[in-house]
Structure formats: structure tokens, C-alpha cells
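Colleague: Submitted below is the structure of interest, expressed as C-alpha cells.
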Amino acid sequence: AAQTEESLKQKQAEVARMMKQSQDAIAQASELVVVLSPSHASMVLDALDYLADYPYGCVEQTMSRFLPTVITAGTLQTLGIEKPELTKELPLMVAKGLQRLYNFQQTDGGWGWWKNDKSNAYTTAYVLSGLAMARTADFQVSENVLKRGIAAAWGHVNASETDPSTKMYLMYALSVAGEKVSGRVGEPGIELDNYGLALQALILKKNGEEDSARVALGQLLKNVSEGGATAFWKGSEKRGWLGHSVEITAQAMRAMVALDPENPLLLKVINWLVQSRRGNYWASTKQTAMVVFAMTDYLNLTGEMDLDMNLSMELNGKEVISERITKENWQKFQGTRTFKADEFHHGENQITFRKTGNGNPVYSVYLKYFANEEFFEASKGGITIDRTYHRVTWDGKKRILEELPEGVTVRSGEEIEVTCRIKGDRTYEYLMLEVPMPSGFEAVREQRGRGWRWAWWYAHKEFRDEKVEVAMTNLYQNHDNVIKYTMRAERPGSYSVLPAVVFDMYYPQIGGNSREF
């Protein structure tokens, strides 16, 4: 018993020491970001900034940047909100987005995730609906591109393997493009998921079938998860984009605004979406675009622009924002504040918002912290990455690879082949791999023709100054998923290269990393 008690004390002491180390590490390398927006309209404009600055450019992200800009521009005009810089840049932004989407169109008229992907139902529906909405907003859209997109969407609808909710997404896109669709899938009794029900309600509403639309909305409302001041619809990672809780909830909100705007549940849905915000964006570009879409529907309905309030924010009793906000000056309000660790008390802290007057401000608060380790080990389980380095030498025309151990010295001018082997415990979709470049090295850009070794199982590869990025539409279980490229040693020094990281573009919590080197 005495030994057990002593052992327990040692364990408790060890746990306490580890917790203190963890707290100290977070305190040294953390910051708290607070985003305070005076209205839902300003929240939408904040999200546009995120979409405009997003560093990747696949078909979905091009669409997610292009579509909200078009929609929001129309909303600003409807509400009488002046945004001169957006109005000035809009034609060029739309023209660039359209041209990029035209270039990504596949031979069957549809779209995939990247230019080198086959056309798929999700992306085809998304792009087709976006192009049709741009045309409705009086932007010049190629009729030939639209015609081919419509044909591709009908092809996906008629494909036997397309599931009911995906077919509903395609039919919604066709409806927006002016095609006559029924709003019903297959035989009676076929069940739609929540995403499909929301789109079905919107299609039936557009067709003038109000009673049937309300039946679909009623089924959708039965599935809501409600608690306190919030309400949302649960998703499933297995459903990809159509299974994300944020996206489902945004589409359900659109159906409610169209069919039942007086329902008290609507404000709870908006509350949940506001609380799900991560600064000025939601989980990904696609989810951010869908929330912007839903919020603009709501703003078109409510206006919500009669602002006249005093708004303040305090951190531990110290005032950091205090302004009067009106409908004339709300766009100039800067509500983002970043607090460093040394601005906090050790232990409990308090952020206080105060509002008097007329308005409906919204806020989000989130903590960013960074691991402060000497050496990063590889993650285990889920998705794993094994990254190795080989020195490249030549014996006549024969290329020789010599694997490099930790701490090796190479000379300026030598070429090093980087190999990343990625394995998944199941099949994953829509992943991005980022492989940091050691300082002092430069990537050797691959050229088509001589030495071209693209494996083609992935969709896209980009070389940047500080890293190489690889987009993977599918990562198949039990496949040998290998990425290779070459870099050249240039500037002398002693370098440590951070882990390679892979993450799901639409569920960022899914991913893994290699070890440091």
C-alpha cells in the first residue's frame, strides 16, 4: 500500500509538471484573436476579404471567391450600401474568375476539383449554379460554356451511380440555369438527406409549388439539433462538401428565409453560424461561400442597416474599443483585435462587450497557439507521411540516389530528391500536402519533356518560395501514394526543415505530419 501511495504521488507530480510545461508553452506562443462586427452585413464583407486572399486556386476555391463577390455586390446595391473599392474592382475580379472557370471546363462540359481531374457531380453543380447566377446579375457569361455545363449536369443526373441528394444538387443547379426540373428524385419513398431536403424546398418554391416546398421544409425542420440559443443540422464527413454541418445549416437557412422567415428558429440558426465562425471565415472556402450566400438572402429580406449604437470591448476591465456606430460610418469600423500572451493574467481572463442603442453586433473569439518543441515527431494513425531525402549524382547517363541520414552535409549546387509517401487508414478526398523547403534550398521546377516524372495520381502541384504544395483529389487506402520533386542546395548554413503536413481542405481537423529533419 505504501509503495502504491508513493507511486501515485510520483505520478501526480509528473502530471502536474507536464501540465505546467504545457501551460507555459501555450502562454509563450499563443495569441487571442477577437473579431467584433457591428452587423451581419459587416460580417459578410469580412468573409469576402478572407476569400479574396485565400492562397490556393482550384475550381471550388475560384468559384467560392467569384460567387460571393457577385452575390454580395447585388445585395449591397439592393440595400443602398456604398463600397467604392469593391464596385471598382468587381468587373476585373469577375472577368478573371470567369476566364479561370472557362479554362477548367472538361471535355464533357463539366468541372472537376482541378484542371487535371475528371468532371464530377458536386463541382459541376456548384460551378453551373454560380455561372447562372452571374448571368442573372447581368454579367457576361459565355453561352457556349453554360450550354456545355448544362449538358454535363444532365449527364450526371442520369448516371445510375449518382445518389439522390447529389442528384438534387444537380437539379438545383439546372433550375438556377433556367432548366425545367421537377424537384423530385426517382421513385416515391426515396429519402433525401438534410442538404437534399433544403435544395428540394428551394426548387419547389421556384416552381411555384409552395405546399410541396413547405412539406420538404417541414421534414428538414424535424431533423434540426436545437439547444439554448442555437440550432443547426448535423453532418457527416463521409458526405464530403454536402455533409459539412456549416454548409447544411447554411442551405437550410436559405430554405427557411425563402419559405418561413418568421420562424423563431431562424435566429437560433444564425446564432449557431455566427458562433461557428473562425475569425472572418468558416471551416473552409466552400463553407464560407455558402454562409455568405445564406446571409445575403437574410439581409435582402431584413435590411438590418438602421444602425445607431455605442459599442465597446474590454479585456480584464481595460477598454480596447469604444465607438459610436451609425449607418453612415459602420463600414469604417475596425473590430479585429489580436492580444498577445503577455497581455493576459495567469489563469482566468474576461472579455466584455457592451452595446447601447439600435443594432445587432456579432463577435467571435478564438485562440491560436503554436507548439514550442525542439523536434517534431511524425503523427501516428489516420494519415501518415514518411519524408526522405536522397542526394542525386550521375554515373554517365545513370542517375544514382544516395539516401541522406539526419545531420548530413551537402554542398552548394548539389541536387536533393525529396520523397513523401502518404498513407491513409481509409480513402480520403480533397487533401492538400504542404512540404516546407529548408532555408538555403530552391526547388528545381519540373519541365514537361526531359526528366518529367509526374505520377498523375494527384491533381495539382505548385512550387512556392518556401514550400511545395500538392493537391490530392483522392488518397486511396493501401495504395503507394508517392510525391517526388528535386531541390538544389544554394546558400551555406545549418538548417532544420519543418514537418511536411497534409490536411483535408474541407475538414481541416483531419490530417497528419512527417517528422522534422
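The values are calculated or read from the model by the stated rules, or taken from the named source; none is laboratory data. Predicted model, so just to flag it, every value in this text is computed and none were measured. Using ideal geometry, Cβ is built from the backbone for each residue, glycine included, and neighbour counts are taken over all protein chains shown. Only protein heavy atoms, including side chains, enter the accessible area calculation; ligands, DNA and RNA are left aside. Shrake-Rupley method; radii C 1.70, N 1.55, O 1.52, S 1.80 Å.
Colleague: From Val257, Val246, which residue is β-branched (Val, Ile, Thr) and either free of Cβ contacts under 8 Å to residues at least 12 places away in the same chain or closer than 23 Å to Leu367 by Cα (or both)?
Modeller: Numbers: Val257 fails: either free of Cβ contacts under 8 Å to residues at least 12 places away in the same chain or closer than 23 Å to Leu367 by Cα (or both).
Residue meeting the stated conditions: Val246.
Colleague: Is there any pair with a first residue in the stretch 421-435 that is within 14 Å of Asn513 (Cα to Cα) and among the acidic types (Asp, Glu) and a second that is part of a loop (DSSP other than H, G, I, E, B) and modelled with pLDDT of 90 or more whose Cβ atoms are under 9 Å apart and which are 6 or more apart or on different chains, and what are they?
Modeller: Glu434/Ala500
Colleague: Just wondering, is there one or more residues in the stretch 247-266 that are modelled with pLDDT under 95 and open to solvent by 60 Å² or more (accessible area, probe 1.4 Å)?
Modeller: Yes - at least one qualifying residue is present in the stretch 247-266.
Colleague: When residues of the stretch 195-222 are filtered for being within 29 Å of the chain's Cα centre (by Cα) and polar (S, T, N, Q), how many remain?
Modeller: 2
Colleague: Scanning the stretch 350-383 for residues that are open to solvent by less than 60 Å² (accessible area, probe 1.4 Å) and among the polar types (S, T, N, Q), which turns out farthest from Asn478 (Cα to Cα)?
Modeller: Out of the qualifying residues, it is Thr352.
Colleague: Kindly provide the set of residues from the stretch 424-446 that are open to solvent by less than 20 Å² (accessible area, probe 1.4 Å), part of a strand (DSSP E or B) and on the phi < 0 side of the Ramachandran plot, ordered by number.
Modeller: Gly424, Tyr428, Leu431, Met432, Leu433, Val435, Ala443, listed by residue number.
Colleague: Name the pairs: first residue in the stretch 319-346 and more than 19 Å from Gly357 (Cα to Cα), second residue outside any strand (DSSP E or B) and open to solvent by less than 100 Å² (accessible area, probe 1.4 Å), Cβ to Cβ under 7 Å, at least 6 apart or on different chains?
Modeller: Ala341/Ala27; His345/Asn316
Colleague: Moving on. Scan the stretch 384-418 residue by residue and report those that are buried (at least 16 other Cβ atoms within 10 Å of the Cβ), farther than 14 Å from Leu498 by Cα and of a type in the set (Ser, Thr, Tyr).
Modeller: Passing the criteria: only Thr384.
Colleague: I'd like the residue in the stretch 312-349 that is under 23 Å from Asn280 (Cα atoms) and basic (Lys, Arg) and, out of all such residues, is nearest to the chain's Cα centre (by Cα).
Modeller: Among residues in the stretch 312-349 that are under 23 Å from Asn280 (Cα atoms) and basic (Lys, Arg), the one nearest to the chain's Cα centre (by Cα) is Arg337.
Colleague: Let me ask something else. Being part of a helix (DSSP H, G or I), surrounded by fewer than 22 Cβ atoms within 10 Å (Cβ to Cβ) and not hydroxyl-bearing (Ser, Thr, Tyr) is true for just one of Lys205, Lys180. Which residue is that?
Modeller: Details: Lys180 fails: part of a helix (DSSP H, G or I).
Checking each option against the conditions leaves just Lys205.
Colleague: Out of the residues in the stretch 94-117 meeting the condition of being among the aromatic types (Phe, Trp, Tyr) and part of a helix (DSSP H, G or I), tell me which one is most open to solvent (accessible area, probe 1.4 Å). Explain how you work it out, then say what you get.
Modeller: Taking the stretch 94-117 and keeping what is among the aromatic types (Phe, Trp, Tyr), we get 102, 104, 111, 113-114.
Those left that are additionally part of a helix (DSSP H, G or I): 102, 104.
Details: Tyr102: 51, Phe104: 16 Å².
Out of the qualifying residues, it is Tyr102.
Colleague: If you scan the stretch 331-343, which residues turn out to be at pLDDT 85 or above and surrounded by 12 or more Cβ atoms within 10 Å (Cβ to Cβ)? Break it down stepwise before answering.
Modeller: Step one: filter the stretch 331-343 for residues at pLDDT 85 or above, giving 333-340, 343.
Across the stretch 331-343, the qualifying residues are Phe333, Gly335, Thr336, Arg337, Thr338, Phe339, Glu343.
Colleague: Name the pairs whose Cβ atoms lie under 7 Å apart, with the first residue in the stretch 36-57 and open to solvent by less than 30 Å² (accessible area, probe 1.4 Å), the second in a loop (DSSP other than H, G, I, E, B) and at pLDDT below 70, and 6 or more positions between them or separate chains?
Modeller: Ser39/Glu304; His40/Glu304; Ala41/Ile81; Ala41/Glu304; Ala41/Met305
Colleague: With the structure loaded, tell me whether Glu328 is part of a loop (DSSP other than H, G, I, E, B), over 30 Å from Gln200 (Cα atoms) and open to solvent by 10 Å² or more (accessible area, probe 1.4 Å) or whether it fails that test. Explain how you work it out, then say what you get.
Modeller: Numbers: part of a loop (DSSP other than H, G, I, E, B): yes; over 30 Å from Gln200 (Cα atoms): yes; open to solvent by 10 Å² or more (accessible area, probe 1.4 Å): yes.
Judged against the criteria, Glu328 is a match.
Colleague: Follow-up. How do the pairs read when you match residues in the stretch 117-140 that are farther than 18 Å from Glu429 by Cβ with residues anywhere that are among the polar types (S, T, N, Q) and open to solvent by 10 Å² or more (accessible area, probe 1.4 Å), using Cβ under 9 Å and keeping only pairs 6 or more apart or on different chains?
Modeller: Once the first residue is farther than 18 Å from Glu429 by Cβ and sits in the stretch 117-140, its partners that are among the polar types (S, T, N, Q) and open to solvent by 10 Å² or more (accessible area, probe 1.4 Å) give Leu131/Ser142; Ala134/Gln140.
Colleague: For the stretch 460-517, which residues satisfy the criterion of being outside any strand (DSSP E or B) and open to solvent by less than 30 Å² (accessible area, probe 1.4 Å)? Walk me through it before giving the result.
Modeller: The initial filter retains those residues of the stretch 460-517 that are outside any strand (DSSP E or B), namely 464-466, 476-480, 490-500, 505-510, 514-517.
Val497, Pro499, Ala500, Met505, Tyr506, Tyr507, Ile510, Ser514, Glu516 - these are the residues of the stretch 460-517 that are outside any strand (DSSP E or B) and open to solvent by less than 30 Å² (accessible area, probe 1.4 Å).
Colleague: For the stretch 347-362, how many residues meet the condition of being farther than 21 Å from Asp46 by Cα, touching a residue at least 24 places away in the same chain (Cβ under 8 Å) and assigned to a loop (DSSP other than H, G, I, E, B)?
Modeller: Looking only at that region, the number is 2.
Colleague: Would you confirm whether or not the stretch 286-303 contains a residue that is in contact (Cβ under 8 Å) with a residue 24 or more places away in the chain and outside any helix (DSSP H, G or I)?
Modeller: Yes, some residue in the stretch 286-303 is in contact (Cβ under 8 Å) with a residue 24 or more places away in the chain and outside any helix (DSSP H, G or I).
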